[in-house]
Amino acid sequence: MVIDDVNNYRNMKYIHYIILSALMLLSSCGNKKIADEILKMQSRPIDLTACEDAVCYENGERAAYYSNADSAYKLIIYIDSASCSPCFVSHMLDYMGAVVDLDSVGVNTLFIFEPKQEQKENLESSLAQLAYPLRAIVVPNGSFSSVNPHLPSSTLLHSFLLDKENKVIVVGNPARNDKVKELMLNTVRNRE
């Protein structure tokens, strides 16, 4: 019991160090708005209930549903309605290396699309044609953003790692930044 408490303290200390370092770096770069948005993201867990009633695609096939219980750690790649959802599908393969590396430490990657109504059919058609071993969830009618009003509008902050309580622990795109990927990998390894 005492050993577990010490390990939990060390893990929390490490996570707090990572968050504080990132915030100091962002603040020192004169980007206080981004630091404030990250703090807002971390103010409460990400609600994934909207994903449970959504259309889910994996390996180009429509899956019955998404279960939030799939993994203790989740990498969320959120594509909001301001983005071109069907256009993003052609870039999903760019994430493959990061997804494979994060999967090796038990991270489940979810691409959450929240398309405009007029893009939904085209997006689903594009996802059905792909044979990528990536899980894509199409959430209708702004239901994901409405249950997560603390998500920032900046697409730079739409890739983030969640812990088992769905709290944001690392923000950044591991497919475009190797340091972010290493930070995510080390964070998961050090929490176990």
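Each value in this text was obtained by applying a stated rule to the coordinates, not by laboratory testing. Just so it is clear, the model here is predicted, and its values are computed rather than measured. Cβ sites come from the backbone with ideal geometry, for glycine too, and all protein chains shown count toward neighbours.
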- Rank these for me by crowding, Thr109, Thr49, going from fewest to most other beta carbons within 10 Å. Thr49, Thr109
- Task: Pull out the extension gain between Ser104 and Thr155, defined as 0.36 nm times the separation in residues minus the alpha carbon to alpha carbon distance; nm, one decimal.
- Result: 15.7 nm
